Amino acid sequence: QINLVESGGGLAQPGGSLNLFCAASGNPFAFNIMGWYRRAPGKQRELVATITKTGTADYSESVKGRFTISREGARNTVSLQMNSLQPEDTAVYYCKAGPTPRVYWGQGTQVTVSS
């Protein structure tokens, strides 16, 4: 049984920072890609950032320069350092891993940016 568990969400003020962490258990092999997606109220889930097991990262334009995704080598953990947070970053953030043996999703962690 493969499970993804996120942690680190919460409340931040505009301009503040939060760090999200995701750990996958149950897979003896490194996922090719791990990443973060988010769903804001009333919107569809969207890509935030992804990173391969060799360290190649990709970001959505809306977070580029503010968020940093990282992964320790080929371990099945991934972090998202979020700086300069804005109210529009408010969303449920989901960890994703895959694509083999299939795509897995975490339960999500709430991030709220408000003064």
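The values are calculated or read from the model by the stated rules, or taken from the named source; none is laboratory data. These numbers were taken from a predicted model, which means no experiment stands behind them. Counting neighbours? That spans all protein chains shown, and the Cβs are built from the backbone with ideal geometry, glycine included. Accessible surface is based on the protein model in full, side chains and every heavy atom, while ligands, DNA and RNA are left aside. Shrake-Rupley method; radii C 1.70, N 1.55, O 1.52, S 1.80 Å.
Are there any chymotrypsin sites (Phe, Trp or Tyr not before Pro) in the range 12-52 that are in a DSSP loop and have at most 11 other Cβ atoms within 10 Å? List them by number. Before the final figure, lay out the partial values.
Working: sites: PHE21, PHE29, PHE31, TRP36, TYR37; in loops: PHE29, PHE31.
Hits after loop and neighbour filter: PHE29.
Please list, by residue number, every one of the GluC sites (Glu not before Pro) in the range 21-96 that is coil in DSSP and has at most 16 other beta-carbon atoms within 10 Å.
Details: sites: GLU46, GLU61, GLU72, GLU88; in loops: GLU61, GLU72.
In loop regions of the range 21-96 (DSSP not H, G, I, E or B), the sparsely surrounded GluC sites (Glu not before Pro) are GLU61, GLU72.
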* Share of carbon and sulfur in the accessible heavy-atom surface of the range 37-115 [1.4 Å probe, %] -> 47 percent
* **Within the chain, percent of DSSP bridges classed antiparallel, to nearest 5** => 90 percent
* Structure fact -> Dividing the mean separation of Cα pairs under 8 Å (6+ apart) by the residue count of the chain yields a relative contact order in percent of 36 percent
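Sort TYR104, TYR59, TYR93 by heavy-atom solvent-accessible area, probe 1.4 angstrom, most to least.
Details: TYR104 25, TYR59 50, TYR93 0 Å².
So the residues, ranked largest to smallest area, are TYR59, TYR104, TYR93.
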